[in-house]
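Following: one structure in structure tokens, then a few remarks.
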Amino acid sequence: MNAKHYLIPDYVLDFKCSKCTECCKTDWKIYIDDKTAELYEKIAQSDELFAEEVKNNFKKAKNGKKEIIMNNVFEETDDAELKKDSSHACKAGCSFLLTDGRCSIQKRFGEEALSDTCKIYPRYITVTERGHEIALSFSCPTAAAKLKNKNQIQFYYDPEGYNFVDINGKYDKIGNFMDRRKHGKTNYFDIEELLIDIMQLKEMDIETRLILTGIVIDKIKDGDLAGLHRYIEHLEIDLFKEIKSISTNHTFNLKFIKEAIDLALMFILRHHDTKKLLVTAYDDLEILNESIITTEKIMKFVDGYNKYYRPFYDNISHIYENYFVNYIFSKRFYNMKYIEAYFLMVLFFILIRFFVVCLCIKEERKVDEDMIIEVIRAIDRSIGHNDTYYKSLLKMVKTEGYTKLPYIISLIIF
Ligand code: SF4
């Protein structure tokens, strides 16, 4: 068998699960891959207790797979006696989570008995001709804390001693040259590197880096990498200044945010992180509570932006940079059309900025690293990888023409 190769960013290399169990206390859908399901059935034949757990804690999902029943509660019990007794399910999130914070499957049968989903989280693994490429989900608090790193992210090929356990299911894959060509993404890896380089241009602010990303995305013609480089070389820096000086349409901006968040409410999770953001924007500040975005609401938001966010932007720019480098490295631009992945990137940016400013206004304090990380965690936890939401949103915005570059850029400028 060929040895496994890896291409790993430093923050993935440093990641170590802190066993906080936050990922178990959700209402995500946890499907069990077929091989793990077979293993559980085999164990259940000779283990009555586990047979009972299999009967009570799994259901058949619409896609025919086994799915863990998640309890509709996200906080662990505070009953001290119950907590001491680790034989009880803690009733927060996953049915296999015990009150001592351990997973009953892992405790009894070892890590190898966990499903692929549980082994992999919070990683995204894509197998490519460069090896196993691993990015992170920032819904995990320990992963999100890695965003604080102020040094430029470094990538390592086959770092010494690194190995990731084998999983049963199919990895996401990016095929060879011919496959990529069929996909219309012959030069995908070069494009990915170029987008990461743009996102790491520290001399520009994040808005400018995002605008440049959009301009590049708009010019990609499959196979013509040289043409793209020529275009970038001749880009006038004044162009960005001109674009950024276009006066912002705050009403359009906030109206779009309201539509995107209203739609997300249909899919959003009920975790306390997400609830806090929604309550802040809808109830406490009353910015999104009505369909009309009045001048008063806009003024409240713009004042907060100018008072608590923009002057302290340097406190958080590295967090955005790291977040978007991970976004690019998680292969969104391969798995979606370039312009759609770009639209989604901008959507994440404006949602993060919006909720951060709302928190600043509510708490009357300037933006800091912990605040933006709190928002990123909540957003990644709720809509970070919700394809159903993305499809619905893209359908909605396409009919309004908002996936065209000028519209997307107008959302960035504030
Ligand atoms: S949320 Fe992250 S750190 Fe916490 S248990 Fe899950 S993987 Fe580990």
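The values are calculated or read from the model by the stated rules, or taken from the named source; none is laboratory data. All values derive from a computational prediction rather than experimental measurement. Cβ: placed from backbone, ideal geometry, glycine included. Neighbour counts: every protein chain shown. Accessible surface is based on the protein model in full, side chains and every heavy atom, while ligands, DNA and RNA are left aside. Shrake-Rupley method; radii C 1.70, N 1.55, O 1.52, S 1.80 Å.
Given (1) within 16 Å of the ligand (Cβ to nearest atom); (2) in contact (Cβ under 8 Å) with a residue 24 or more places away in the chain; (3) open to solvent by 70 Å² or more (accessible area, probe 1.4 Å), where does residue 163 come up short, assuming only one miss?
Tallying (1) within 16 Å of the ligand (Cβ to nearest atom); (2) in contact (Cβ under 8 Å) with a residue 24 or more places away in the chain; (3) open to solvent by 70 Å² or more (accessible area, probe 1.4 Å), residue 163 fails exactly one: (1).
Residue by residue through segment 383-409, note down the ones that are assigned to a helix (DSSP H, G or I) and either under 19 Å from residue 320 (Cβ atoms) or of a type in the set (Lys, Arg) (or both).
Within segment 383-409, 391, 395, 398, 408, 409 qualify.
Any idea which of 375, 357, 367 is part of a loop (DSSP other than H, G, I, E, B), crowded, with 22+ Cβ neighbours inside 10 Å and at pLDDT 95 or above?
None of the others qualify; the one that does is 367.
Please work out if residue 146 is basic (Lys, Arg) and either more than 16 Å from the ligand (Cβ to nearest atom) or more than 27 Å from residue 383 (Cβ to Cβ) (or both).
no
If I filter segment 16-28 down to residues being at negative phi and more than 16 Å from the chain's Cα centre (by Cα), which single residue comes out as farthest from the ligand (Cβ to nearest atom)?
27
Quick one: what pairs do we get from segment 18-31, first residue touching a residue at least 12 places away in the same chain (Cβ under 8 Å) and of a type outside the set (A, V, I, L, M), second open to solvent by 40 Å² or more (accessible area, probe 1.4 Å) and within 6 Å of the ligand (Cβ to nearest atom), C-beta under 6 Å, 6+ apart or different chains?
23/121
Take the residues of segment 29-45 that are assigned to a loop (DSSP other than H, G, I, E, B) and open to solvent by less than 90 Å² (accessible area, probe 1.4 Å): which is farthest from the ligand (Cβ to nearest atom)?
Among those that are assigned to a loop (DSSP other than H, G, I, E, B) and open to solvent by less than 90 Å² (accessible area, probe 1.4 Å), it is 33.
Out of all the residues in segment 298-328, which are open to solvent by less than 10 Å² (accessible area, probe 1.4 Å) and in contact with an Asp or Glu (Cβ under 7 Å, 6 or more places away or on another chain)?
Result: 316, 319, 328.
Within segment 274-289, which residues are open to solvent by 90 Å² or more (accessible area, probe 1.4 Å), on the phi < 0 side of the Ramachandran plot and not basic (Lys, Arg)?
If the condition is that a residue be open to solvent by 90 Å² or more (accessible area, probe 1.4 Å), on the phi < 0 side of the Ramachandran plot and not basic (Lys, Arg), then 283 is the only one that fits.
Spot the failing condition for residue 396; the list is (1) in contact (Cβ under 8 Å) with a residue 24 or more places away in the chain; (2) surrounded by 15 or more Cβ atoms within 10 Å (Cβ to Cβ), and only one is missed.
Condition not satisfied by residue 396: (2).
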